[in-house]
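Have a look at the structure below before the remarks.
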Amino acid sequence: MNFIVENWMIIAVAVASGAMLLWPLVKGATGGALSTAGAVQLINRERGVVIDVSEPEEFAAGHVGGAKSVPLGQLEQRLPEVVKNKALPVILVCASGGRAVRAEGIARKLGYEKAQAMAGGLKSWKEANLPIEKA
């Protein structure tokens, strides 16, 4: 008990570090990531709209077929112009998935309840041998 009292700050840092390491696992477990197969189903069955939040140069180098380019920095202003029907599923994609997760939060804040980030981004789309377009 004496150790805990004398080293409470070290213990607090260790607990905080552990929580930060576990956060991505907890976030993923709550359905924050969409598989490539799930994305294809949303596109084909529910007319899902693919929004690529990569920078214009990345988008030009390769993107999901039919995707619309809306860079992450412009998402809040341009998403309502690009996807007028908020009831449609919105599939957010970037190169590896990190920006898409942030974009999902922005889209949900704007009222797009069916917005989902694709796990692994364009990289996982390519690994699944799905079609890529180049601008």
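Run the quick spin-label model on E127 and R45: label points 7 Å from Cα toward the beta carbon, then report their separation in nm to one decimal.
It is 2.4 nm.
Under the rule of -39500 (n - 2.57) per DSSP H run of 4 or more residues, summed and divided by the residues of the chain, what mean residue ellipticity at 222 nm is obtained, to the nearest 500 deg cm²/dmol? Walk me through the numbers before you get to the answer.
Values: 7 runs with 71 residues, N = 135.
Value at 222 nm, helices only: -15500 deg cm²/dmol.
Across segment 95-109, in residue order, what do the Karplus-derived ³J(HN,Hα) couplings come to in whole Hz, using 6.51 cos²θ - 1.76 cosθ + 1.60 with θ = phi - 60° and x for Gly and Pro?
My calculation for segment 95-109 gives 5, 10, x, x, 5, 5, 5, 5, 5, 4, x, 5, 4, 5, 5 Hz in order.
Divide the volume of the convex hull of the Cα atoms of the chain by its number of residues and quote the answer in cubic angstrom per residue. Each step should come with its number before you reach the end.
On the way: hull volume 18.8 nm³, N = 135.
So the per-residue Cα hull volume is 139 Å³.
Structure shown: which of K68/K114; K84/K114; K68/K126; K84/K123 lie over 22 Å apart, alpha-carbon to alpha-carbon? Could you put the intermediate results ahead of the total?
Working: K68/K114 17 Å; K84/K114 13 Å; K68/K126 17 Å; K84/K123 28 Å.
Violating the 22 Å limit, Cα to Cα: K84/K123.
Can you order the peptides 119-132, 99-112 by their average number of other Cβ atoms within 10 Å per residue, highest first?
Working: 119-132: 16.1, 99-112: 18.9.
Ranking, from highest mean packing down: 99-112, 119-132.
Values in this text are rule-based calculations from the coordinates and carry no lab data. None of these values were measured; they are calculated from a predicted model. Cβ sites come from the backbone with ideal geometry, for glycine too, and all protein chains shown count toward neighbours.
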